Structures are given as structure tokens and as C-alpha cells.
């Protein structure tokens, strides 16, 4: 279910950013007729203005201000940024999982790639303790990407797309055959009726 | 019988982290004005961890940790900052590095600089950072122990530019309950949380994040060894003693 604030935000987003939108217009789009029903709208807009999501142009007229929180970087970039931030110490698979919200396999694979390229060094620890990784060769802020894996994924995606298209074509052919069969059955049934009559 | 396990791959957002995020949201709304922000608090309260988490998950931020070399050479700081901004092969010249940094920040005006462990650097360092924020208009977030505030206050031109400082405070007992639940999936009573919270030593306060985490790790290990599915008060007491043993020896 969409929250009331989300509904108001959607209307504000759709409205013109230069001329703004009136309270009355928002209320009309939300089917809020009576004064009592409009009260939550006033409260929501007051919160939006306080948070900077919209601004009051004049009495009863507001304008949407897009929220300027930046988008989160992709997971590879997130992991790379964290590894570089920890360059004075070490990092573990668990750190990447916790702070970048990635799966264990993703974190391990990325660290394995960096180890293979000689960017990080793996420090094994005794017992069941997880290995630590240390940045030893910093190539700069641009994230190191797994190009081989990316190419493999691209190939798989293309193959999947192709297979789906073939399935679609085959499904179309099957539908045509079914339609023809239905037609033939119908014709046979009609012929049978003709014989009986 | 299932054993208790501590899951280190979970980042538990405490009230401190939430305050940091709120401050960063406010700071980003004012992009286009050179200023400082400040994150301060005692050691082991999770300042650096929270900032690293924020930096990793938000584009347009730069994180650098101070090194002792910066105390005697501002050129080293400028060169490190150049590398962070992707400026290859910075020259051994302060003026060149400074101009390169400002130009790089002009191209990315939404960049926020995080500089960790600033409290060990002097006032001269703050002057250079003030010039960077004043000219590039990019905000700078300084992170350090409580003496950072007094260092900043001595320089009025820095202090008047400072946004709202975020103070990292020790965990509360309620935070310990939430932390145990989220990190280890174990429900602990208020009494047990109160015991695990008692991490006061000569140099640390109650609720020191590092020591509470260590105490919880010990408590889980002891509970597993005793074949208990819950952390009892007795186990918690032994765990806290083990956790703060190293700190009291200092």
C-alpha cells in the first residue's frame, strides 16, 4: 500500500517545477473535499517544507525541490571505496558484507580478483579465523572491475535474451497450430453434424 | 541444541550513525558554500566505522585518514588528497598540488571530504583545509577525538564556518539489547544488557562500542561452552571481566 506522503510526493513530482502547484489542486487530486480531510495534507506538506523536499512560493502555492541525496554507488564501487578507506589497516570478507550489504560470494569473488591482480595481499590466520586482506598496490579511486566476469555475464544475458525470443516465436507457432487444430476440430464436428442430419 | 553465533557481517546502525546521516543530509542541502562539519567522540565509539560506511555507500565523497607525516609536511597531505581525487603523479610542489586539488573540486562541486583523526594535527593543517573549502566551496568533515573541538575553537575562522558538530556518545543499555538481537540473534534481558554495558575502565566509559562488542563475543563463546542457549547474568559478568581485562592493565 502506498503511504499518504508517497502519494503527495508523486503529485508534487508530476507538477511543474517552475510555477508550482496549489494546495487545493493537490487536495483535488487526492479526493480530499472537506476541511477535516485536508488536515493530514497540510501536515505532510509542512513536513516536506521543513525537510526541504518542497518550498512555499506564496500563500497556498508550493514547488517540488528534488531531494539532493546522491545515488548509492554500484556494489563493486562500494566495495572498492571501502577497501581504499581501510588502506591503513586490513579488511575482511565480513567487513564488506556488513558495510556494503553484499553477499558472501560477491565479497569473496571481488577480493579474489584483487588478490589475483596483485592489488591486495591475503593474510591467512590460524584456526577457523577469516583471512584478512591488505591493500598493497593502490591503482586510484576508479573501481577495479571484474571484466572477465562482466563479459561472461553479458554473454549469458545475450544468450538468455535470444532463448527467450526463440521461446516466444515457438509459442506463437504453437498458438497458431492450436488455433488451426481448433478450427479443424470445429470443421470435423460440423461435418459430423451434417452426417447425422 | 542450537549454538549461539555472532554475525559480524551485519552493520548495526546505532543512534550515532543515524545522527551522522541526518547531519550529512543537512550538509548536502547547503552545497555551494565552503564550510566544515565535525564528528567527534572518544576512541572505540564507532566514528570511523560509521564514516567509512557512509563514504562507501555514497558517491561524491572522499575519505582520507591522517598520517603522522602530515604533522611535519603539509605537502604529504596535499599529495595524498591529490591521489584520492584521481590526480596522477602529483608534483613535489605545494602550490601545484593545491591548484590541482581546487581544479578537481571545481569539476566535482558536490564532493564532500572526510578527514579522519584530525585531532593529532596542528592549526596549520586546518588553515590549508580552510583554504580548500573556502575556494572550492566543497564541505569538509573533520573526524577526531573530543580535543578536536578545542583545536577548531582556537581558530575562529574555522569555528565560525563549522556546521553542526555530531558527538558520538557511548551505547545505551537499550542499544546493547538491539545490538545483541541484530548481531547475534539473541534476546538478552535488561539486567544482562546492564552488565554487558559496564565497560568502564580508567580510560573508557560505560557503553564503549568496541568493549561491548568484545564482551558480547565472549558471552556467546562462554554460553556455547556452558551449553546454554541464553546469556545468563553470571555469563555476562565473566564476559565483561574478560573483555575489559586488557584495558584495565594499561
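At 222 nm, what helix-only mean residue ellipticity would the protein assembly as shown give, in deg cm²/dmol to the nearest 500, using -39500 (n - 2.57) for each DSSP H run of four or more?
Working: 18 runs with 248 residues, N = 447.
Value at 222 nm, helices only: -18000 deg cm²/dmol.
With the Cα gyration tensor of the stretch B:1-74 giving a ≥ b ≥ c as the square roots of its eigenvalues, does the rule (a/c under 1.5 for rounded; else a/b larger than b/c for prolate; else oblate) give rounded, prolate or oblate? Can you show the working numbers first?
Numbers: a/c = 2.47, a/b = 1.52, b/c = 1.62.
Since a/c reaches 1.5 but b/c is at least a/b, the shape of the stretch B:1-74 is classed as oblate.
Mind sorting B:127, A:59 by how few other Cβ atoms lie within 10 Å of their own Cβ, fewest first? Don't jump to the answer; show the numbers that get you there.
On the way: B:127 14, A:59 7.
Ascending number of Cβ neighbours within 10 Å: A:59, B:127.
Quick check on packing: order B:214-224, B:147-157 by the mean number of other C-beta atoms within 10 Å, highest mean leading.
Details: B:214-224: 21.0, B:147-157: 14.5.
Ranking the peptides B:214-224, B:147-157 by packing returns B:214-224, B:147-157.
In degrees between 0 and 90, to the nearest 10, how far off the longest principal axis of chain B does helix B:47-57 point, with axes built from Cα atoms?
70
Where the centroid of each part is defined by its Cα atoms, how far is the stretch B:50-112 from the stretch A:108-140 in Å?
25
Order these by the 10 Å Cβ neighbour count, fewest first: B:96, B:53.
In increasing order of surrounding Cβ atoms, one gets B:96, B:53.
Return the whole-Å distance between the Cα centroid of the stretch A:157-174 and the Cα centroid of the stretch B:151-197.
Cα centroid to Cα centroid, the span is 55 Å.
Would you calculate the separation in nanometres between label points at residue A:65 and residue A:36, each defined as 7 Å from the Cα along the Cα-to-beta-carbon direction?
3.5
What does the average come to when, for each residue of peptide A:82-89, you count the partner chain Cβ atoms lying within 10 Å of its Cβ?
On the way: counts 6, 1, 8, 14, 5, 3, 6, 2.
Taking all residues of A:82-89 together, the mean is 6.
Report the label-to-label distance for residue B:190 and residue B:94 in nanometres (one decimal), using points 7 Å from each Cα along the Cα→Cβ vector.
The modelled label-to-label distance comes out at 5.8 nm.
Connecting C-alpha atoms closer than 10 Å in a GNM of chain A, tell me which of A:124, A:175, A:147 has the biggest fluctuation.
Residue with maximal mean-square fluctuation among A:124, A:175, A:147: A:175.
Give me the one-decimal nm value for the distance between modelled label points at residue A:152 and residue A:125, 7 Å along each residue's Cα-to-Cβ direction.
2.9
Using r as the Cβ-Cβ distance of residue B:134 and residue B:206, and R0 as 60 Å, what FRET efficiency do you calculate, to the nearest 0.05? All intermediate terms of the calculation are to be shown ahead of the outcome.
Numbers: r = 41 Å, r/R0 = 0.68.
Rounded to the nearest 0.05, the efficiency is 0.90.
In what sequence do B:35, A:14 fall when counting other Cβ within 10 Å, fewest first?
Details: B:35 19, A:14 10.
Listing B:35, A:14 from fewest to most nearby Cβ atoms yields A:14, B:35.
Every read-out reported here was derived from the displayed coordinates using simple, explicitly stated rules and does not represent laboratory data. Since the structure is predicted, the reported quantities are computational estimates derived from the model, not experimental observations. Positions of Cβ are backbone-derived with ideal geometry, glycine not excepted, and every protein chain shown enters the neighbour counts.
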